[in-house]
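Visitor: The structure under discussion is supplied below as C-alpha cells; questions concerning it will follow.
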Amino acid sequence: MRVVIAEDSVLLREGLTRLLTDRGLEVVAGVGDGEALLKAVHDLAAEGRLPDVVVADVRMPPTHTDEGVKACVALRAAHPGLGILVLSQYVEERYAGELLAGSTRGVGYLLKDRVADVREFVDAVVRVAGGGTALDPEVVQQLLSRSRRGDVLAALTPREREVLGLMAEGRTNAAIAARLVVSDGAVEKHVSNIFLKLGLAQSQQDHRRVLAVVTYLNS
C-alpha cells in the first residue's frame with residue numbers, strides 16, 4: 001500500500017512516516033506544501049505508481065490557510081480513485097464539503113487532537129486507501145451546523161437521522177447497532193426507511209449508502 005504524506009511540520013511528517021512504515025505501509029513521498037503534494041502525486045501517476053492514499057494537513061505553506069485541502073480537492077478531481085485522508089487541527093468547511101460532495105468513497109477527515117489511538121488511525125488510513133470512509137463526528141457536526149438539512153431530511157425520524165449521521169461517519173450497520181445498543185435488524189430497517197424517504201431506489205449503478213451520506217452532507 002503506497003502512501004504520500006503532506007505535512008509542513010518536519011517532526012510530525014517524519015513521525016507519521018515511521019508510524020506507517022512500521023506497520024507495513026510504504027510511504028513513497030513526504031512533502032511540506034500543497035504544490036509539492038500535487039507534483040509528487042502527478043509524478044508518481046506518470047510513472048504508473050499512483051499512491052493508494054494521501055494523508056494531508058489542511059494548513060501548509062505559503063499562507064498556512066487552506067493549501068493542503070485545496071490540493072486534495074484538485075487531486076481528487078484528477079485521480080478519482082485516489083484515497084484522501086485529511087488530518088488537521090480544525091475543519092475547513094468550504095473545501096471539506098467540496099471534498100466530500102462528489103463521493104464519500106475513499107475519503108477521510110480526522111482532527112489531530114481527537115486521534116487518541118494509533119491503531120485506529122492506521123486502520124483509518126488503510127480503510128480510506130481501500131475505498132472506505134473515515135470521518136470524525138465533529139467534522140460531520142460542523143458541516144451540518146451550517147446546512148439546511150431540515151428541508152431535505154424533514155421526513156426522517158430522530159432515530160433515522162441519528163443512524164444516517166453514524167453512516168456519515170463511515171460506520172457499518174453492525175457498528176451502528178453496537179453504538180445505539182439495538183439489533184442489526186433494527187438498524188437495517190432504519191437504513192431501508194432512510195433510502196425510501198430520500199427517494200433512493202435500488203440501482204445497479206448507484207450505491208445508495210453513499211448517495212444517502214452525500215445527501216446528508218450536502219443538504
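Here is a yes/no grid of residues against (1) of a type in the set (Ser, Thr, Tyr); (2) over 18 Å from Val4 (Cβ atoms); (3) free of Cβ contacts under 8 Å to residues at least 12 places away in the same chain:
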position: Thr63; (1), (2), (3): yes, yes, yes
position: Val69; (1), (2), (3): no, no, no
position: Arg76; (1), (2), (3): no, no, no
position: Gly83; (1), (2), (3): no, no, no
position: Arg105; (1), (2), (3): no, yes, no
position: Asp113; (1), (2), (3): no, yes, no
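Visitor: Quick one: which of Leu100, Leu38 is assigned to a helix (DSSP H, G or I), touching a Leu at 6+ places or on another chain (Cβ under 9 Å), within 23 Å of Arg171 (Cβ to Cβ) and in the same structural domain as Val128 (by TED's automatic domain parsing)? Break it down into steps so the answer makes sense when it comes.
Guide: Values: Leu38 fails: within 23 Å of Arg171 (Cβ to Cβ).
Leu100 is the lone residue from the list that is assigned to a helix (DSSP H, G or I), touching a Leu at 6+ places or on another chain (Cβ under 9 Å), within 23 Å of Arg171 (Cβ to Cβ) and in the same structural domain as Val128 (by TED's automatic domain parsing).
Visitor: Further question on the same structure: Taking Thr172 as meeting all but one of (1) over 19 Å from Glu7 (Cα atoms); (2) at pLDDT 90 or above; (3) crowded, with 19+ Cβ neighbours inside 10 Å, write down the number of the exception.
Guide: Unmet for Thr172, out of (1) over 19 Å from Glu7 (Cα atoms); (2) at pLDDT 90 or above; (3) crowded, with 19+ Cβ neighbours inside 10 Å: (3).
Visitor: Okay, next question. Only residues in the stretch 17-43 that are more than 17 Å from Pro62 (Cα to Cα) count as the first member; pair them with residues that are of a type in the set (D, E, K, R) and in a strand (DSSP E or B), Cβ under 6 angstrom, at least 6 apart or cross-chain, and list the lot.
Guide: As it stands, the answer is Glu26/Arg2; Val28/Arg2, since those pairs meet every condition given.
Visitor: Which members of the stretch 75-88 meet the condition of being buried (at least 19 other Cβ atoms within 10 Å of the Cβ) and not in a strand (DSSP E or B)?
Guide: Correct list: Leu75, Arg76, Leu82.
Visitor: Considering only the stretch 8-23, I want to know if a residue exists there that is within 14 Å of Gly108 (Cα to Cα), crowded, with 17+ Cβ neighbours inside 10 Å, assigned by TED's automatic domain parsing to the domain that holds Val118 and not acidic (Asp, Glu).
Guide: So far as the stretch 8-23 goes, no, none of its residues is within 14 Å of Gly108 (Cα to Cα), crowded, with 17+ Cβ neighbours inside 10 Å, assigned by TED's automatic domain parsing to the domain that holds Val118 and not acidic (Asp, Glu).
Visitor: Further question: What number of residues in the stretch 18-35 are outside any loop (DSSP other than H, G, I, E, B) and small (Gly, Ala, Ser)? If you could, list the steps in order and put the result at the bottom.
Guide: Just the residues of the stretch 18-35 that are outside any loop (DSSP other than H, G, I, E, B), to begin with: 18-22, 26-31, 34-35.
Subset that is small (Gly, Ala, Ser): 29-30, 34.
Counting residues in the stretch 18-35 that are outside any loop (DSSP other than H, G, I, E, B) and small (Gly, Ala, Ser) gives 3.
Visitor: Additional query: Considering only the stretch 47-74, state which residues are part of a helix (DSSP H, G or I) and either surrounded by fewer than 23 Cβ atoms within 10 Å (Cβ to Cβ) or touching a Gly at 6+ places or on another chain (Cβ under 7 Å) (or both).
Guide: The answer is Glu67, Gly68, Lys70, Ala71, Val73, Ala74.
The values are calculated or read from the model by the stated rules, or taken from the named source; none is laboratory data. Owing to the predicted nature of the structure, the values given are computational and were not obtained by experimental measurement. With ideal geometry, Cβ positions are generated from the backbone for all residues, glycine too; neighbour counts draw on all protein chains shown.
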